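Structure, as structure tokens:
The values are calculated or read from the model by the stated rules, or taken from the named source; none is laboratory data. These numbers come from a predicted model, not from an experiment. Neighbour counts are summed over all protein chains in view; Cβ atoms, including those assigned to glycine, are modelled from backbone coordinates with ideal geometry.
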């Protein structure tokens, strides 16, 4: 890659963008004018904001004793009203024998009559303008209370809820005053019956409070605006050039595709950073100014003040990797769009994917640790939050993991963008005809032996959606037979069925799609031995994942429930059939069959492996299990690619599941551990001894490397047709001899 070519592309794109007045207006002018205009509009609208008045109907006020102090001259005592509410609360009192008293005293006999009465009462209150109706009921004989209160409100009406709050405040103040009068009559004080007074001393520094507040707000704002600021220039740099017809001229230049992409990413980064900074500055100053004038010094936002200067430094430093990541993603997505209008539709999916990762650090329980530092965007936001708060010692410990994850994400996003620009079918794809009939005819006419990339991704997403809804709606089974039946049905419905239906409808050869055109029986024992050798590595990985992401109490309860179910199974082979072989068959048909076959149209060996493994890991609901199964999926995909058959994958998968079940000790199989190889654990189950596990992992790694670098290509692959022809020849020879 020549930096001179990258510089030329960067200067060309910057010159074109700066010549566009709409771009300059969107990037520079709108952030500086939009927020002041919004603040001015809020100040103008605040002049029309008035406090809401409420009207309360009081029925049966004659039942309130005069000496109680709650009623004076037939009206509620105004001293129990707040000063601000005296002119906003209107009371209307009627006697108990009034028609309103009869309506409120009516007790319906059943639910149907109760609904009719509520509907009638709601209409009457709305017609007469009452927000709340209160009925005073005289106390029963022997009761300590002088009367009881029945409130009739409409919780779907905000004014009614406000009237309830105001009336409850009146009752609270009256009861408190009444208690104090009775205690004073006996020379007692209310403080004698209250708990020990508590004195709260806040030792937080004002600067620390200000930093803590802005540490939660500013990273979120930076993330959102850097994504938005990168996307629109990327659309113009890719889809816009397609519309103007200048993309072909750029591709014919001596610059490589990678140099073109890097130049476009640098241009998008500059606009992303500029947009983020301008929006942040304008929004911060306008917000503080408006908050101060709306609420005065009592407003908490205005009292906090502007963010500390150190926060600005960390934000600008973090903007570089953030804008680089979002710029690469935006360029890759915009390169796929045929027009600027189509490109704008792709902004929402990007925001929907990034939003959970950005919102997670804003939760009060989110802290920076090794587990959260390995999550893209989330770890960077938590690190930025920790630095703004001034906890530098804690931040230094996780700078390495956050940096590695962020750089890796930027590299993968840039490679994706370069791959998009290197694919002519992506840059110059034809327009699709709209219509269900045209779509069906196109799917039938353009079917290939194996599914396309879009078919594979759609199948993976469909499996995830089905497993999500079925997992939420499925009821836990407390008996083994019901559990086994439900497990098989769920696997067929959510995993196998989409792969089978889509293979039959979207491909011309389901057998080739599922990698069943080659049996390759000779690799099955090798796959079983490979699973046996690599299983200690995945046991170690599982323990490491549990250390980084500790399981919740719900997960421990689920493990105990599953152990009880497995322990009640009739036999160990039956357990292995349901929990080892059945998932291996159905999941391999979907993930290493349909999905991997479709993804292999990508002109790269590793992308199909990683994407199929990502779908395989995401299909497991528990996070800790998903991480481990992701790496298991990588090994299975490598076996599928090099063996060219699904049978070794099924054998590896079933062996791995069987070993996990036996090692967990869920099924009470007795003292069946091999001395020197398996050791019993005090918590139940077995573990591998140190030296044998090292030898097994080394052997498995060597076998995997040998397979990947062509060790199997020298062996003679036994195809299904050749196996069938040999079997037929053997049967004919047997008949002749007989």
Checklist entry - at pLDDT below 85, loosely packed, with under 13 Cβ neighbours inside 10 Å and either in contact with a strand residue (DSSP E or B) (Cβ under 9 Å, 6 or more places away or on another chain) or more than 20 Å from residue 351 (Cα to Cα) (or both): does that describe residue 389? => result no
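Kindly provide the set of residues from region 615-640 that are free of Cβ contacts under 8 Å to residues at least 60 places away in the same chain and either buried (at least 20 other Cβ atoms within 10 Å of the Cβ) or touching a helix residue (DSSP H, G or I) at 6+ places or on another chain (Cβ under 7 Å) (or both), ordered by number.
Initial filter on region 615-640 (free of Cβ contacts under 8 Å to residues at least 60 places away in the same chain): 616-617, 620, 625-626, 629-630, 633-634, 636-637.
Those that are free of Cβ contacts under 8 Å to residues at least 60 places away in the same chain and either buried (at least 20 other Cβ atoms within 10 Å of the Cβ) or touching a helix residue (DSSP H, G or I) at 6+ places or on another chain (Cβ under 7 Å) (or both): 616, 617, 620, 626, 629, 630, 633, 634, 636, 637.
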Checklist entry - If you scan region 502-538, which residues turn out to be on the phi > 0 side of the Ramachandran plot and under 35 Å from the mean Cα position of the chain (by Cα)? => result 515
Checklist entry - Among (1) under 28 Å from residue 703 (Cβ atoms); (2) in contact (Cβ under 8 Å) with a residue 60 or more places away in the chain; (3) surrounded by 17 or more Cβ atoms within 10 Å (Cβ to Cβ), which single condition is residue 608 missing? => result (2)
Checklist outcome for this item: Over region 487-528, the set of residues within 30 Å of residue 703 (Cα to Cα), at pLDDT 85 or above and touching a strand residue (DSSP E or B) at 6+ places or on another chain (Cβ under 8 Å) is 513
Checklist entry - Can you tell me which residues in region 98-109 are more than 50 Å from the chain's Cα centre (by Cα) and closer than 9 Å to residue 59 by Cα? => result 98, 100, 101
Checklist entry - Which ones in region 107-145 are modelled with pLDDT under 80 and either in contact with a helix residue (DSSP H, G or I) (Cβ under 6 Å, 6 or more places away or on another chain) or not assigned by TED's automatic domain parsing to the domain that holds residue 66 (or both)? => result 108
Next on the checklist: I want to confirm something. Restricting to region 139-158 and keeping residues that are touching a residue at least 40 places away in the same chain (Cβ under 8 Å) and surrounded by 15 or more Cβ atoms within 10 Å (Cβ to Cβ), which single residue is farthest from residue 71 (Cα to Cα)?
Outcome noted: 152
Next on the checklist: Are there helices (runs of 4 or more DSSP H) fully within region 529-604 with at least 1 residues that are within 18 Å of residue 686 (Cα to Cα) and in contact with a helix residue (DSSP H, G or I) (Cβ under 9 Å, 6 or more places away or on another chain)? List them.
Outcome noted: 553-567, 572-576
Checklist entry - Here are some conditions: (1) in the same structural domain as residue 629 (by TED's automatic domain parsing); (2) farther than 30 Å from residue 477 by Cβ. Residue 504 meets all but one. Which one does it not meet? => result (1)
Next on the checklist: Suppose we filter region 487-526 for residues that are free of Cβ contacts under 8 Å to residues at least 60 places away in the same chain, more than 25 Å from residue 449 (Cα to Cα) and buried (at least 16 other Cβ atoms within 10 Å of the Cβ); how many remain?
Outcome noted: 1
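For region 207-250, give me each residue that is assigned to a helix (DSSP H, G or I) and without any contact (Cβ under 8 Å) to a residue 12 or more places away in the chain.
Scanning region 207-250 gives 217, 241, 244, 248, 249.
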Item to check | The lone exception for residue 234 - which of (1) under 23 Å from residue 353 (Cα atoms); (2) surrounded by fewer than 19 Cβ atoms within 10 Å (Cβ to Cβ); (3) modelled with pLDDT of 85 or more it fails | outcome: (2)
Checklist outcome for this item: Within region 454-486, of all residues that are surrounded by fewer than 19 Cβ atoms within 10 Å (Cβ to Cβ), touching a helix residue (DSSP H, G or I) at 6+ places or on another chain (Cβ under 6 Å) and more than 29 Å from residue 601 (Cβ to Cβ), the one modelled with the lowest pLDDT is 477
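Looking only at residues in region 408-417 that are closer than 22 Å to residue 263 by Cβ and within 22 Å of the chain's Cα centre (by Cα), which one is surrounded by the fewest Cβ atoms within 10 Å (Cβ to Cβ)?
Per the criteria, the residue is 412.
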Checklist entry - When residues of region 94-117 are filtered for being surrounded by 13 or more Cβ atoms within 10 Å (Cβ to Cβ) and part of a helix (DSSP H, G or I), how many remain? => result 7
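Yes or no: residue 563 loosely packed, with under 15 Cβ neighbours inside 10 Å and either at pLDDT below 80 or not assigned by TED's automatic domain parsing to the domain that holds residue 697 (or both)?
Numbers: loosely packed, with under 15 Cβ neighbours inside 10 Å: no; either at pLDDT below 80 or not assigned by TED's automatic domain parsing to the domain that holds residue 697 (or both): yes.
Here the answer is no, as residue 563 does not meet what is asked.
Go through region 313-391 and tell me which helices (runs of 4 or more DSSP H), entirely inside it, have 2 or more residues that are free of Cβ contacts under 8 Å to residues at least 24 places away in the same chain.
Details: elements: 340-345, 347-359, 370-373, 378-389.
Helices (runs of 4 or more DSSP H) meeting the threshold: 340-345, 347-359, 378-389.
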